[in-house]
Amino acid sequence: MATVKDIMIDDDADLVIKNGDFYVADSDQQHVTLIINTSPGHWKKFPTCGVGIINYLASSGKGAELKRSINVQLDADGYKVNRVELSESTDGLFEYSIDAQRL
């Protein structure tokens, strides 16, 4: 399994610049986060890519559907998903923990 590197972005989706240049680092976790946070249609080249976790806000009882969507999307992007853990807070937000590795 090769390490994948990419240009990094910060928590506000801004490019990370270090020493006057783009910062490149291991990017698997960033890829997983982007797939979960973006919705289908956000990626021009891959229009079906994305989970759209924001669409599950305050949607009680949708945990199994969200978990399945995460598994399907990560599998389609070449990840082996070992575990997806979801918990819904009292304000309707989902928190997740994912154990996945690129094949």
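Readers should treat all values here as calculations from the given coordinates under stated rules, not as data from a laboratory. These numbers come from a predicted model, not from an experiment.
What to note about this one:
- Cross-link table Lys45/Lys80; Lys5/Lys44; Lys5/Lys45; Lys18/Lys44, entries beyond 25 Å C-alpha to C-alpha: Lys18/Lys44
- Taking θ as phi - 60° and the Karplus parameters 6.51, -1.76 and 1.60, the scalar couplings of the stretch 30-47 work out to 5, 4, 4, 4, 5, 4, 6, 7, 8, 10, x, x, 6, 9, 4, 6, 10, x Hz in sequence order, x denoting glycine and proline.
- For the chain, average projected area of the Cα convex hull in nm²: 7.4 nm²
- In order along the stretch 74-82, phi translates into HN-Hα couplings of 5, 4, 5, 8, x, 9, 9, 8, 8 Hz, rounded to whole numbers, per the Karplus curve 6.51 cos²θ - 1.76 cosθ + 1.60 with θ = phi - 60° and x for Gly and Pro.
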